[in-house]
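Have a look at the structure below before the remarks.
The values are calculated or read from the model by the stated rules, or taken from the named source; none is laboratory data. What you see is a predicted model; the values in this text were computed from it and never measured. Every residue, glycine among them, receives a Cβ derived from its backbone with ideal geometry; neighbour counts consider all protein chains shown.
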Amino acid sequence: MKYSIFLLSLILMLVGCQKDATPILYMSGHIYDNCYDRTPLRNGIIRLFGMKYGDDQKGKVVAYDSTDENGYFKIFFPRDREIYYMKLQTIRGNDLMQEIPATSNMENVEVFATIYTHIRVSLNVINPHVEKDSLIIGNFSNGGSELKIPCPLNSGYLYTATNWSPIEAMGYAGTNEKIGWYFKPYTGFTYSQRFKIDKYCTDTVDVIVDIK
């Protein structure tokens, strides 16, 4: 009887310890100034900032670490159910990488403080619109200004922007970007299409805009 009580107490204690234990995960890789010259961020203090559910403006620092002479880092962080993604930041809070998953280990991650890419924009014309209309669409090849195209429209290649650098920091699964357009005479409606930049430097991201 005493042995049974002892065994039961031991099991309950072990279960309690397992509940209290916080799994430790890690992220490792290299941080470079950009994807062209790949100058490493040497001996820089970095941190992971965890974003909480429900409000993108709220969160907390979950880990600190530093890079070595080659820009290599391995930063450990606790698994936290309140955190739905993380940001890798400099010590001053500048974003290096965003939308990092907080539920698994990550290895050999390449982080570029400044990213560049080529963006090739094409049209998929579902509605060509009438001859007196004009399409006004974002032009990444001219610093993000606008490009005017007379209607009726045809499907096909539009332009390629080289070495475009997004405003947002690099994303773990791709950097968020969008292209917008409207028509003249202005109808009161503007349109936009989101896409991911997940290819850098010499690679090209294809963006096909559906015109309805």
note = Of the residues in segment 9-60, those that are loosely packed, with under 14 Cβ neighbours inside 10 Å and at pLDDT below 95 number 25
request  = Working carefully through the options Y182, Y191, find the one that is surrounded by 13 or more Cβ atoms within 10 Å (Cβ to Cβ), of a type in the set (S, T, Y) and in contact (Cβ under 8 Å) with a residue 24 or more places away in the chain.
outcome  = Y182
task = Kindly list, by first and then second residue, each pair from a residue in segment 35-50 that is touching a residue at least 40 places away in the same chain (Cβ under 8 Å) and over 9 Å from S66 (Cα atoms) to a residue that is part of a loop (DSSP other than H, G, I, E, B) and of a type in the set (S, T, N, Q), limited to pairs with Cβ atoms under 6 Å and residues at least 6 apart or on different chains.
result = L41/T67
inquiry  = Can you find, within segment 99-112, the residue that is nearest to P78 (Cα to Cα) among those that are within 13 Å of the chain's Cα centre (by Cα) and crowded, with 20+ Cβ neighbours inside 10 Å?
reply    = I100
task = Residue by residue through segment 85-99, note down the ones that are modelled with pLDDT of 95 or more and hydroxyl-bearing (S, T, Y).
result = T90
ask   = Which one of A173, A161 is assigned to a loop (DSSP other than H, G, I, E, B), hydrophobic (A, V, I, L, M, F, W, C), touching a residue at least 40 places away in the same chain (Cβ under 8 Å) and more than 13 Å from V209 (Cα to Cα)?
value = A173
remark   = The correct count of residues that are of a type in the set (A, V, I, L, M, F, W, C), part of a loop (DSSP other than H, G, I, E, B) and touching a residue at least 24 places away in the same chain (Cβ under 8 Å) in segment 88-145 is 4
key: Cross-chain or 6+ apart pairs with Cβ under 9 Å, segment 58-72 first and more than 12 Å from T90 (Cα to Cα), then polar (S, T, N, Q) and surrounded by 14 or more Cβ atoms within 10 Å (Cβ to Cβ)   = Y72/S28
